[in-house]
Amino acid sequence: MRILVLLLAMVTSWISAGAQRPLANTLLWEISGNGLKTPSYVFGTMHLLCAEDAVLSDSLQYCIDQSGTVFFEIDMDNAAEMMGVFKYIRMKDNKKLSDLLTPEEYKRVQKYFAENNSLLPLSMMERFKPYFIASMLSESKMPCAARNGMEEVMLQAVKKAQKEVLGLETVAFQASVFDSIPYADQAKELLKTIDSAGREDSSTAKMLSVYRSQDLSAIDRLTTEDDGGVSSYLDLFLYGRNAKWIPQMKKAMEKGTTLFAVGAAHLPGDRGVLRLLQKAGYTLRPMTHRIQHGLQAKN
């Protein structure tokens, strides 16, 4: 069910996020000030990880325990919302992938699927939006047998703690992002992913490595290394979404302590969530990894 969130994360990793000041090596930040009675928290996730990496730190568990509400990008505790993703996989107007590529390009796609394992055969994905196909290929190239997402691990802990779960966006909105991009452009990006399969595998491993190190500046630099065509949709995939989240975050934090879990690539940059919160008057403090004796560790 994580396919749409995974897809947005994958595309975000293709786009250029621009230069920024170095950030502390942590994915977890405390939000305070600007009239808040209690602090809130924001955590950068990676939507698909090797299972051994998808674990909660002491400090993240502490934030879950302290929060009354946890926001993910979409409401992952709403079965109807999560199942809704299947309404948006197919292209409109009965388009097929073969309609979007030249015969020679389409043969390259067929050859790739004939020679590589994928979650579904190409014949079943002919009418899928090309970005959905690319996301499935990305998942199949993870350098580990067992995979999981930070959101799934967090959701289990949040439900166990009986916290309210909400979403900053709806599945319908996320799907509309991809309907705003011509299918032909999506098909070209899918073809690029297939043609550079070896380099894409290396890029995935590198992203996993910097995520493990919690180095937001390195995550940001990785996004600048790609000059893909989707960079022209930067406002759709990243900046526009970040800006829309800030008013929602403000409203939620004013009600009480809240934890926000969004893709790590959304945090850095001058138009990233951390900087936007600072511009809105909040104080952002990097949190350490461990909580000792039930008290928040000091930097």
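Throughout, read-outs are computed from the coordinates displayed, never taken from laboratory work. Since the model is a prediction, treat every value here as computed from it, not as a measurement. So basically every Cβ, Gly included, is an ideal-geometry build from the backbone, and we count neighbours across all protein chains shown.
Show which lysines lie in cross-link reach of residue 163 when reach means a straight Cα distance below 20 angstrom and same-chain residues fewer than eight apart are skipped.
Straight-line reach from residue 163, under 20 Å: 37, 250, 251, 255.
Defining a contact as two alpha carbons under 8 Å apart and six or more residues distant in sequence, what relative contact order in percent does the range 3-286 show? Let's see the in-between values first.
Values: 438 pairs, mean separation 119.9, N = 284.
Relative contact order comes out at 42 percent.
The range 90-111 to the range 29-61: how many Å between their Cα centroids?
Cα centroid of the range 90-111 versus Cα centroid of the range 29-61: 40 Å apart.
By a straight-distance test (C-alpha under 29 Å), which lysines pair with residue 129 as possible cross-link partners, with residues fewer than eight away in the same chain excluded?
By straight Cα distance, residue 129 reaches 87, 92, 95, 96, 107, 111, 141, 188, 192, 206, 244.
When the Cα atoms of the range 3-286 are enclosed in a convex hull and the volume is divided per residue, what value in Å³ results?
Details: hull volume 34.4 nm³, N = 284.
Roughly 121 Å³ of hull volume per residue.
Please compute, over every Cα-Cα pair in the range 244-286, the percentage with a separation greater than 15 angstrom. List each step's numbers first, then the result.
On the way: 370 of 903 pairs.
Roughly 41 percent, rounded to a whole number.
Could you list 260, 237 in order of exposure, starting from the residue whose Cβ has the fewest other Cβ atoms within 10 Å? Please list the in-between numbers first.
Numbers: 260 28, 237 24.
Ascending number of Cβ neighbours within 10 Å: 237, 260.
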